[in-house]
Structures are given as structure tokens and as C-alpha cells.
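The values are calculated or read from the model by the stated rules, or taken from the named source; none is laboratory data. Small disclaimer: the values here were computed from a predicted structure and weren't measured. Note: ideal-geometry Cβ built from the backbone for every residue, glycine included; neighbour counts use all protein chains shown.
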Amino acid sequence: MLDLVLRGGLVVTPADALIADVGIEDGKIAVVALAGSLPTESVRVVEAAGTIVLPGGIEPHAHIAIPVPEYWAGRPEVMSQPPEAASRAAAFGGVTTVIDFAGDLLLPPGVTRTDPSILASLDSRRSVFRGHTYTDYAFHYILAGPVGPPTIGQLGEAIQEGVSSFKIFTTFDDLRVPYGHLGAIFDEVARHGGIIAVHAEDDDIVTYMTDKLVHEGRDQASNLHLVHSSLSEDLAFRHVIGLARHSEVGIYFVHTTAREGVVAIAEARARNQPVYGEALHNYLEFTCEDYAKPGGTAVHTYPALKYPEDREALLAGLLHGDLCTTATDDYTVHKDVKLWGTTIRTVCGGHNGIETRLPVAFTKFVVERGMSLPRFAAITSTNAARILGLYPQKGAVLPGCDADLVLIDPRLTRTLTLADLHSDADYSIWEGFTCRGYPVMTILRGKVIVENGALLGSPSDGRWVRRKIGADILGRPAV
Ligand SMILES: [Zn+2]
């Protein structure tokens, strides 16, 4: 017995887009059927004609409810927005699953890293989100600093428990995992069927350029792209790809920023190496030229925005397949915190963007560049689900999948103002951006959580999701 029928929408499956009905039962998609063919008596019916029915967005990269380092804000109590706010914004933006992080990203000054218990850290993150989250959620686990055998010995167990991706950094003082340690981590993660999410920058270049610009009095934040440069991305991506080839481990490059990064990923994929790339949607609109404008570092997320030709390479990569996913690196703070630091060493990263990714991507790709609807579903949902192990539970409009759906009305045009958005922030870099097409309904496991601008979900709706990556994803570039 169906609970909900979406009638007559343009339904986007991985293979096709067709006018159809979607029948939902017990939180799952039960059937995708010929339009008009499903029973509508004693069932809630949503008239979806005129809208596009897509898999709910999957946000593969967000930093929710973590401290903002006091050297940025001078206020140790400042945190990025809590899960209620982030997931509320996500839900309004058509996102139904958010992947955040467990493990310590940044430590207070004077605190040194110790060998963590991965499962304890997972539990503590789950307790921050449980009962406070409108969407489903999962966590990458952050491995930072010199990672020793006590930690590496826990990786298999963590993967068994449903944490299938591990984030590493190749730069930033106490975050950087030395290259010598990566081989052992890569081997162990490969052996147990996990994937490595990498923030790849060449630490020598970053350190050298920071010192050089400070010495020359050129350390204004508008020069961030000279520190976190295209050369740095080129060298670091290729180094990581080379190490990964030896361990036969899958790599997910978070926030690709430069043409060089796209090319390095494409070359690895052409050699049949399982390497996947993400782009953030602020990098699809803004460039390093925006840094010099008043308040221009509001658009900044680390590593750094590059030049217009890099923006074009990221757009082309998502359009044609060298890149796989869009993300936000959501890390929402108030404007005074975001703009507090004004130098290359103090500027705040992070993007208040979890709500705008789908409508911005729809506008840029489907409307302006003729992207097919299945490809749009892939770069906003399906690919993240497959690469990071949520598929087939999530990421597609197919029978058996969770009924996580977003309805986009392509007839709506909306020039964004702060009042349109639902995060905790008091600014948005997307104010003034004209979206052509906008989410009008978001459904989480069969429950309508947002409808026509009204929040119908509850912070107790969200559940933690156990992940397991398909063997095809880890064996070759499968998406
Ligand atoms: Zn991040």
C-alpha cells in the first residue's frame, strides 16, 4: 500500500528523464511507473507536473558545529553553525544527506594530537547531530598529523562500522599527514574497502610562498591564490595519485581548484586509476579577482580561488566527466568572523553555501550549458552516493532506494536575497545571483520536509547513515 504518489513529474533516473509517477511506501521508492498509472485513492498525491523530480541532493563536504580557531576570530567560543541551522538550510536547498567529519580538524593552541579512538570520536559526533538534524548525515573521518600504528590498526574496524572515507591533508601545520605515513594508511584503507578524501596542496610551496609574501609585505588576503597556487595543486595531486597507484587505493580529491588539478585527475582516470574529483560551487562563479573587491574574501574557501580559465576548467570537468561531484565545504559563520582576518595567514575559510548548491548548479549547467538531467543528478547526488558508499540506499530515483527526493520547478526565477536563505549567517555571497529553476519540495525517506517555502520536517528526522563503497568504484573510475 503506497503512502505517497508524486504524479506526472519529469522523473530523473540514472539513465533517463521521463514523465512518470513515483510511488513511495515505508520511506522507500516502491515504483516508478507510467504517468497516471498509480492508484491515488487513500494516498497522499503530490501533483508534480511541471517539476523535475530528482534524487535528493547529497552534500559530500560540510563542517558543521566545529570551533573557529581563536587566532581567526579572537573569540574561542565561536563555532560554525549548528546542525539544526545547517541541515535546515540544506533541506530548503533540496539536500537530503549531509556528509560532515568526525575526528579533530583543528585543535586549540597548545593541545597536541594524541592517538584517537575512531569509534569514540564517531559516537561523539553522532551525539552532536542526533535529534538536531533535519536531513540524514554521515561522517568522513579525519586522519591528521603523524598517524601511528594504533590509529592505522582501527581503520578496518571503522570501515566495518560504516565509515568508509578518511580525510587527509597534505598541508597546514598540525593537520598535514607526512608523505611517509600515507603509504601505510593507503594500504590499510584499500585492504578494507575504504576511500581516501584528500585536501592536496604542496606544503613546501605553501610554506615558502607564505614566508616570501610576508617578507615582501604582500601578505594581504587578496594574494591567497599566490600561496595556495595552481603549481601547488599540480604537484600535490600528482604526488598523491602516484602514492595511491602503489597502494591501489581510491582517491577522492575534495575541492579541486585549478585547471592543473582537473588535468591530473583526468590523466589518472585515463590510466584507469580510481580517482574522483569534487568542485565547490563558489569556484564555479567567483575567481581570485574577487578577493580584491571590498569584503571580497567572503568568497574564499581554502585552498584558494584561481583565475577565470581555472573556473572554466572546473565547469568543463563537471560537464564532461573529468570531475564527479559538486560540494560546498560549508562552514558557516557570521560576517564579522568571516571578514575578521585580512592576511594570507588569518583569513577565514568556509562557505555559507549548503542551500545554494543545487539551484546554482542547475542554473549554470542545465540552463546555461545544456547539461542532461541524469548528469545533473549525478553531479549533485548519485556520484557522491556511489563514490562515498551511500549507494544504492541513496542517490537515485529507483525502486528500493530511500525516497529522498527534490522537486525543482524550472519555471521559477529567483534573484537571491539573504531573506531567501535559511542558515544562521548574516550574509551570503549568493545575494544577487539569479537562479533559473528552484527547489520547491524536499522529501526525506518519504516525508515531505520542505514544501513551497515551509519547513515541515523536524530536527529529529535525520538519521546517521552507514556507508559501504561498491567494488566497482574502488577498482576503476566507475563514475
Ligand atoms: Zn573542508
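On the basis of being within 19 Å of A102 (Cα to Cα) and of a type in the set (A, V, I, L, M, F, W, C), does I152 make the cut? Yes; evaluated as a whole, the condition is true for this residue.
For segment 240-282, enumerate the residues that are outside any helix (DSSP H, G or I) and either in contact with a Lys or Arg (Cβ under 7 Å, 6 or more places away or on another chain) or at pLDDT below 95 (or both). Listed by number, the residues that qualify are T257, A258, N272, Q273, P274, V275. Just name the residue that is nearest to D234 (Cα to Cα) out of those in segment 248-280 that are within 14 Å of the ligand (Cβ to nearest atom) and out of contact with any Gly (no Cβ under 6 Å at 6 or more places or on another chain). Residue satisfying both the conditions and the ranking: T257. Filtering segment 7-27 down to residues that are touching a Pro at 6+ places or on another chain (Cβ under 8 Å) and assigned to a strand (DSSP E or B), which residue is farthest from D404 (Cα to Cα)? Taking the candidates together, the pick is A17.
I need the full set of residues from segment 55-79 which are surrounded by 24 or more Cβ atoms within 10 Å (Cβ to Cβ) and either within 16 Å of the ligand (Cβ to nearest atom) or among the hydrophobic types (A, V, I, L, M, F, W, C) (or both), in order please. I58, E59, P60, H61, A62, I64, V68, listed by residue number. When restricted to residues that are closer than 18 Å to L305 by Cβ and either more than 16 Å from the ligand (Cβ to nearest atom) or assigned to a loop (DSSP other than H, G, I, E, B) (or both), segment 318-331 contains 5. Among the residues of segment 51-72, those identified as over 17 Å from the mean Cα position of the chain (by Cα) and either in a strand (DSSP E or B) or not acidic (D, E) (or both) are T51, I52, V53, L54, P67, V68, P69, Y71, W72. When the residues of segment 210-223 are filtered to those that are assigned to a helix (DSSP H, G or I) and not aliphatic (A, V, I, L, M), which remaining residue is farthest from the ligand (Cβ to nearest atom)? Only one residue tops the list, namely H215. Looking across segment 182-209 at every residue that is touching a residue at least 40 places away in the same chain (Cβ under 8 Å) and part of a helix (DSSP H, G or I), the one that is surrounded by the most Cβ atoms within 10 Å (Cβ to Cβ) is identified as V189. Checked against the criteria, A197 does not count as within 26 Å of P477 (Cβ to Cβ) and more than 16 Å from the ligand (Cβ to nearest atom).
The one condition from (1) crowded, with 24+ Cβ neighbours inside 10 Å; (2) under 30 Å from G217 (Cβ atoms) that D336 does not meet is (1).
The residue that is nearest to M79 (Cα to Cα), among those in segment 424-441 that are part of a loop (DSSP other than H, G, I, E, B) and modelled with pLDDT of 95 or more, is D426. Does V337 satisfy being more than 16 Å from the ligand (Cβ to nearest atom) and either among the acidic types (D, E) or in contact with a Cys (Cβ under 9 Å, 6 or more places away or on another chain) (or both)? So V337 fits the description; yes.
Only a single criterion out of (1) away from the ligand (no atom under 16 Å from the Cβ); (2) on the phi > 0 side of the Ramachandran plot is not satisfied by I29, namely (2). If you check A384, A396, A378, A425 for being among the small types (G, A, S) and more than 19 Å from P359 (Cβ to Cβ), only one passes: A396.
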